[in-house]
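Shown next, in structure tokens, is the structure this report addresses.
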Amino acid sequence: TCIAKDRAFAKMFGTKAAAPIPPMSYAIWLGRDILSMGVFFTLPPIAGKKIAEVTGNERSGYYMAQFFCPLVFQTFLTPIHLLGYDVYNNPNNTIAQRVQFLKKDYWKNIGMRCVRQAPPWSIGTIGNVELRKYFTGKFTGSA
């Protein structure tokens, strides 16, 4: 997820000839990125502690939260993502038209975003944490 990539994709795959990106699209994508980083990095440790109260294991609680938070939150992050593209492609759409656009293929879009988001933000983040712990232990002698 990156605003520069969103800009390039809007121009490459848009439904109209390449045009300047409206500031509203940038604002929407920035909002999506801020929410995403909160969900991907801040929420899992907090939710993981609550899950650990049920599982009895803090590590498994964190793993469950880190794996599922980025995916579950695609239910509202994906529409935000697509809204930025709709503002670019259809600048004169009404709110009703935007809602209709977001409803179209809603679950397919979320499914694809989950497939795209799972490797870096669910699996990759868990792997990064584990590698960091391992190497920190190796270099500090606490392993």
**For segment 67-114, convex hull volume per residue from C-alpha positions, Å³** = 61
**Message:** Students often forget the sequence filter, so: which aspartates and glutamates lie under 16 Å Cα-Cα from K133 once same-chain residues fewer than 8 apart are removed?
**Reply:** E58
**Prompt:** In straight Cα distance, which lysines are under 17 Å from K138, not counting same-chain residues fewer than 8 positions off?
**Reply:** none
**Prompt:** So, with +1 on the Cβ of K and R and -1 on the Cβ of D and E, and no other charges, what is the size of the charge dipole of the chain about its Cα centre, to the nearest 20 debye?
**Reply:** 220
**Item:** Sites N90 and A118 - FRET efficiency at Förster radius 30 Å, r taken between beta-carbons, to 0.05
**Value:** 0.50
**Request:** Name the lysines eligible as straight-distance cross-link partners of K103: C-alpha to C-alpha under 19 Å, and not fewer than 8 places from it in the same chain.
**Result:** none
**Complete:** Per the charge dipole of segment 1-114 (beta-carbon charges, Lys/Arg positive, Asp/Glu negative, Cα centre), the residue among P45, N90, W107 reaching farthest to the positive end is N90
**Message:** Can you compute log10 of I(q)/I(0) for the chain with the Debye formula, treating each Cα as one identical point scatterer, at q = 0.08, 0.13, 0.17, 0.21 Å⁻¹?
**Reply:** -0.30, -0.67, -0.96, -1.25
**Request:** Would you mind counting up the charge near Y106? Only other residues with Cβ under 15 Å from its Cβ, with Lys and Arg at +1 and Asp and Glu at -1.
**Result:** +3
**Prompt:** Can you give the accessible area per residue of segment 1-125, in Å², using a 1.4 Å probe?
**Reply:** 58
**Fill in**
Taking 0.36 nm per residue of separation between K104 and T136 and subtracting their Cα-Cα distance, the length gained on full extension comes to 6.8 nm
**Prompt:** Counting only protein heavy atoms, what percent of the accessible surface of segment 29-82 is carbon or sulfur at a 1.4 Å probe?
**Reply:** 74
**Message:** Ignoring trypsin sites (Lys or Arg not before Pro) that are buried or in helix or strand per DSSP, and keeping those with at most 12 other beta carbon atoms within 10 Å, what is the longest stretch of the chain between them?
**Reply:** 17-103
**Test item: Cα-centred dipole of segment 73-143, Lys/Arg +1 and Asp/Glu -1 on Cβ, debye** = 100
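The values are calculated or read from the model by the stated rules, or taken from the named source; none is laboratory data. Predicted, not measured: the structure shown is a model, and the values here were computed from it. Don't worry about glycine lacking a Cβ; one is built from the backbone with ideal geometry, like all the others, and counts go over all protein chains shown. Only protein heavy atoms, including side chains, enter the accessible area calculation; ligands, DNA and RNA are left aside. Shrake-Rupley method; radii C 1.70, N 1.55, O 1.52, S 1.80 Å.
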